[in-house]
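Engineer: I have a structure I would like to understand better, so I am pasting it below and will then ask my questions one at a time.
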């Protein structure tokens, strides 16, 4: 996930200077930041959705406070916005996306609490929303049901009657994906027939007009991320879907394919992540593990090659990669080098046949794992895996995301 702001670094700068300007009135001093690394940052929030309950649960890890709010349906898919303030809550089968507000607001050197956690008034009702991306204050949705995009900006999220704006680029309905570029254009997948797998990517502008046509056809595409310059997609090399790799689409329209390493076998890395602070792309598949995607050398290099991964996630800032495997082991990798920093068992083993498996997210200080079988979110200290706080949240927590700011700076 991309974060245009770096609250953690700014909080440390504040500690050194011991002086911050107030957003309330001139001359008012900010409260000294609490930098106790044994606790979570004051303004980190964890949002949880349940398999069966129409409730969302927000955890404040700092003091273990738990708040529940009514939701429209169970099984909401949760996505953080780039700003850190909101979460998109997506109900694909119900044609609905809503925005949840943590009530936190970043002011460049500190965080203000702007009220209790609540729903924004804006919503999207386009057909079968499937993927969500965010850049700056903009939120973008791909709608499988009609091949459109939906877009909105955070200043409108609490406006009465607000709706996402629909962008129609003339795409056929398909299970698609999209990415932001730094020049205010988008990469979008295209399919040759309604409901078919996407096999091409083109670049469009904010009105849906074509900017750069596809120059390279692949096999089925799934999973993508962007650093603003390049959009990176998991793909099969040809429509035979026999050999996988990575499709790279530059914002200026150039396209190329990076094949999987020799001996990789018939597999595709169907999840692609971008780690912002490390400035690295990662491709992932639970059957093949996690691989660094090097756009300079056009190579994929292994990070974790096990066939038992449940999830691979970057931490909130994008410095480390965390991999959780079926045996309950957590591995933490330094993305600057690819080296394993720490590993150890943190939860009970998970049956491979379970429909809903544990879900992983992390900050700089803690990993958070929703364990559906226990109705708990486990907060695991990354410096000491034996230090665990177990938050009882709901009967079957199956979706999880981290929100807010890695900061302690307040008034």
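Engineer: Can you work out the FRET efficiency for the pair residue 354 and residue 184, with r the C-beta to C-beta distance and R0 = 56 Å, to the nearest 0.05?
Structural biologist: The value I calculate is 0.85.
Engineer: Would you order 292, 99 from fewest to most other beta-carbon atoms within 10 Å of each residue's own beta-carbon?
Structural biologist: 292, 99
Engineer: So what is the relative contact order for the chain, in percent, with contacts set as C-alpha pairs under 8 Å and at least six apart?
Structural biologist: 15
Engineer: Return the equivalent ellipsoid semi-axes of segment 247-295 as a descending list in whole Å, where each equals the square root of 5 times an eigenvalue of the C-alpha gyration tensor.
Structural biologist: 20, 15, 9
Engineer: Sticking with the crude label model, points 7 Å out along Cα→Cβ, report the distance from residue 67 to residue 158 in nm, one decimal please.
Structural biologist: 1.2
Engineer: Which option, (1) 25; (2) 15; (3) 32, is the value of percent of Cα pairs over 39 Å apart that was calculated from these coordinates?
Structural biologist: Structure-derived value, by its label: (2).
Engineer: Now for a separate question. For a quick check, take a GNM of the chain with Cα springs below 10 Å and name the residue from 321, 216, 273 with the largest mean-square fluctuation.
Structural biologist: Looking only at 321, 216, 273, the biggest GNM fluctuation is shown by 216.
Engineer: Follow-up question, since we're still on this one. Once every Cα of segment 194-254 carries one equal point scatterer and solvent is ignored, give the base-10 log of I(q)/I(0) from the Debye formula at q = 0.25 Å⁻¹, two decimals.
Structural biologist: Values, matching the q order: -1.10.
Engineer: When the chain is fully extended, how far beyond the present Cα-Cα distance does residue 241 get from residue 340, taking 0.36 nm per residue of separation?
Structural biologist: Here the answer is 32.4 nm.
Engineer: What fraction, in whole percent, of alpha-carbon pairs in segment 214-310 exceed 21 Å separation?
Structural biologist: 24
Engineer: State the Cα centre-to-centre distance between segment 204-225 and segment 386-411 in whole Å.
Structural biologist: Using only Cα atoms, the two centres lie 36 Å from each other.
Engineer: Taking neighbour counts of Cβ atoms within 10 Å as a proxy for exposure, in what order, fewest first, do 264, 233 appear?
Structural biologist: Result, fewest neighbours first: 264, 233.
Engineer: For segment 265-411, go through all pairs of different Cα atoms, get the mean of 1/r, take its inverse, and jot down that Kirkwood value in Å. If you can, show how the numbers build up before the last one.
Structural biologist: On the way: mean 1/r = 0.0633 Å⁻¹.
15.8 Å is the Kirkwood radius here.
Engineer: Which order do 387, 271, 125, 190 fall in if you start with the one that has the fewest other Cβ atoms within 10 Å? Show your work: numbers first, answer last.
Structural biologist: Numbers: 387 12, 271 19, 125 15, 190 22.
With the sparsest Cβ surroundings first, the list reads 387, 125, 271, 190.
Engineer: Using the basic label-point model (7 angstrom from Cα toward the beta carbon), what is the residue 266 to residue 207 distance in nanometres?
Structural biologist: 4.6
Engineer: May I have the extent of the alpha carbons of segment 331-411 along their three principal axes, as whole Å values ordered from largest to smallest?
Structural biologist: Here the Cα extents, ordered largest to smallest, are 39, 38, 21 Å.
Engineer: In whole angstrom, note down how far apart the Cα centers of segment 309-349 and segment 278-304 are.
Structural biologist: 14
Engineer: Moving to a separate point now. Provide, as a two-decimal number, the C-alpha radius of gyration of segment 59-122 over 2.2 N^0.38 Å, N being how many residues it has. The partial results should precede the final answer.
Structural biologist: Values: Rg = 12.9 Å, N = 64, 2.2 N^0.38 = 10.7 Å.
That works out to 1.20 for segment 59-122.
Engineer: Using 0.36 nm per residue of separation minus the Cα-Cα distance, give me the extension gain between residue 395 and residue 130 in nm, one decimal.
Structural biologist: Extra length available between residue 395 and residue 130 comes to 92.9 nm.
Engineer: Dividing the convex hull volume of the Cα atoms of segment 104-206 by its residue count, what figure in Å³ per residue is obtained?
Structural biologist: Values: hull volume 11.2 nm³, N = 103.
Hull volume over Cα atoms, normalised by residue count, gives 109 Å³.
Rule-based calculations on the coordinates, nothing more; no lab input. Everything numeric in this text was worked out from a predicted model, so none of it was measured. All Cβ positions, glycine included, derive from the backbone under ideal geometry; neighbour counts span all protein chains shown.
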